[in-house]
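The values are calculated or read from the model by the stated rules, or taken from the named source; none is laboratory data. The structure presented is a predicted model; accordingly, all values stated were derived computationally and were not measured. We place every Cβ from the backbone using ideal geometry, glycine too, and count neighbours over all the protein chains shown. We work out accessible area using only protein heavy atoms, side chains counted, and drop any ligands, DNA or RNA first. Shrake-Rupley method; radii C 1.70, N 1.55, O 1.52, S 1.80 Å.
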Amino acid sequence: MQHKSSMSAKQILLINDMAGYGKVATAAMLPILSYFGHPTYNLPTALVSNTLDYGKFHILDTTDYIQSVFPVWKELGFRFDAIATGFIASEEQAAIIARYCREQAQSGTVVYTDPIMGDEGKLYNGITPSAINSMREMISVADLIFPNYTEACYLTDTPYQEQGITMEEGKLLLTKLHAMGAKSVLITSAKVDGQSAVIGYNHATDQFFVLPYTEIPVRFPGTGDIFSAVLIGHLLNGTPLKLSTRKAMDAVYQLIRHNQGNEDKFKGIPLEQYLHVLG
C-alpha cells in the first residue's frame, strides 16, 4: 500500500553514488522516499560497480557530469524542497556540490548531509583522508547531518574510543559538529554509557537527546542509507526530529531482523519487499 502523507509532496534531490550491484546509496534511498510520497530525483556523484564490501570494485567519478548538469537545471528553472547528500568523490566535487546547496538553501531548500566516510573506527575501502575535508565542506551547508560515531570522530579530530563514550562526551561531539556549521546533528551507531544509541542535538529546540536501541549482530551495507531515507521521509512529512529518528531506527531494526538470514549480505537488503515495515 502506498504510504499516504498528510503534508503536500516535497521535491527531493538525492546527491549520492549509484552502485551497479547492491542495494545501497541512491538505489536504497529512491524507493523509500518515493514510498513516502515524495517525487525523488538523483544526481550520481560516482558510478560504483558493486558495494565496496566485496573488496574489488571500480568507481567512476562523475564530477564533469555534475558540473554540466547544474547549469542545465538552472536554465530550466528546476528547484527542490530538499537535497540529501551522501558519498562525495573528491574535494573538487564537494566544492561544486556545496556551492549548489548554498545557492538552493537561499531560496528555502533544506539540506541533509550524510558524511559517508567510514565505520568501526576506520575509513571505508577506497575512501582517502582528503574525503574528510570534503565532508567538512558539506556539513557546513547542512540543516541536519547524521554521521555515525566513527565519522563524527574524523570530522572533529576526536580520538575514536572502542569502549564507547559518556553522554557528556557525546554532547561535546554534537556541539563541535554544530559549531562547524551544521544546524541540527545526529550521531548514529554510538555506544553511550554502555548502551548502543543514536544521540542528537535539535537546533530548533536547543535540546540534546539520546535514543537507545538493541543491536542485531549482523552487518549489511546500506543500512545507513535506509536510516537516512526513512528519517528524511518522516521529516518532510512534518514529523519532529526526535520522533523521525526513532521511526528510522525502528525501520532499520525491522529490515535487518527480516533479512538476517540472507546468504549474501554484501549486496544489501532487498527493501522493496518490506516497504510496509517503514511506518
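Are any residues in the range 85-124 polar (S, T, N, Q) and within 17 Å of Pro147 (Cα to Cα), and if so, which ones? Step through it out loud before you land on a result.
We begin by selecting, within the range 85-124, every residue polar (S, T, N, Q); these are 85, 90, 93, 104, 106-107, 109, 113.
The answer is Thr85, Thr113.
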Failed item, numbered, when Ile88 is tested on (1) closer than 18 Å to Ala105 by Cα; (2) open to solvent by less than 70 Å² (accessible area, probe 1.4 Å); (3) part of a loop (DSSP other than H, G, I, E, B): (1)
Every pair of residues 6+ apart whose Cβ atoms lie under 7 Å, when the first sits in the range 257-279 and is open to solvent by 40 Å² or more (accessible area, probe 1.4 Å) while the second is modelled with pLDDT under 95 and among the acidic types (Asp, Glu): Phe266/Asp53
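Criterion first (touching a residue at least 60 places away in the same chain (Cβ under 8 Å) and assigned to a helix (DSSP H, G or I)) does Asp250 satisfy it? Working first, answer last.
On the way: touching a residue at least 60 places away in the same chain (Cβ under 8 Å): no; assigned to a helix (DSSP H, G or I): yes.
Against the criterion (touching a residue at least 60 places away in the same chain (Cβ under 8 Å) and assigned to a helix (DSSP H, G or I)), Asp250 does not qualify.
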Subset of the range 187-215 that is open to solvent by less than 70 Å² (accessible area, probe 1.4 Å) and touching a Leu at 6+ places or on another chain (Cβ under 7 Å) - its residue that is farthest from Val110 (Cα to Cα): Ala197
Count of the range 19-41 residues which are open to solvent by 30 Å² or more (accessible area, probe 1.4 Å) and under 14 Å from the mean Cα position of the chain (by Cα): 1
Among (1) farther than 20 Å from Thr150 by Cα; (2) modelled with pLDDT under 95 - the single one Glu215 does not satisfy: (1)
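In the range 111-135, what count of residues is obtained for those that are over 21 Å from Leu52 (Cα atoms), open to solvent by 10 Å² or more (accessible area, probe 1.4 Å) and without any contact (Cβ under 8 Å) to a residue 60 or more places away in the chain? Break it down stepwise before answering.
At the first step, the residues of the range 111-135 found to be over 21 Å from Leu52 (Cα atoms) are 111-112, 133.
After this cut, where a residue has to be open to solvent by 10 Å² or more (accessible area, probe 1.4 Å) as well, the list is 112, 133.
Imposing the further condition that a residue be without any contact (Cβ under 8 Å) to a residue 60 or more places away in the chain reduces the set to 133.
Residues in the range 111-135 being over 21 Å from Leu52 (Cα atoms), open to solvent by 10 Å² or more (accessible area, probe 1.4 Å) and without any contact (Cβ under 8 Å) to a residue 60 or more places away in the chain: 1 in total.
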Test result for Tyr154, open to solvent by less than 40 Å² (accessible area, probe 1.4 Å) and either at pLDDT below 95 or of a type outside the set (Asp, Glu) (or both): no
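Look through Lys74, Lys56 and report the one residue that is over 27 Å from Arg136 (Cβ atoms) and open to solvent by 50 Å² or more (accessible area, probe 1.4 Å). I'd like the intermediate steps shown before the answer.
On the way: Lys74 fails: over 27 Å from Arg136 (Cβ atoms).
Matching residue, one of Lys74, Lys56: Lys56.
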Pairs, first in contact (Cβ under 8 Å) with a residue 24 or more places away in the chain and assigned to a loop (DSSP other than H, G, I, E, B) in the range 9-29, second open to solvent by 20 Å² or more (accessible area, probe 1.4 Å) and among the acidic types (Asp, Glu), C-beta under 7 Å, six or more apart: Lys10/Asp81; Gln11/Asp81
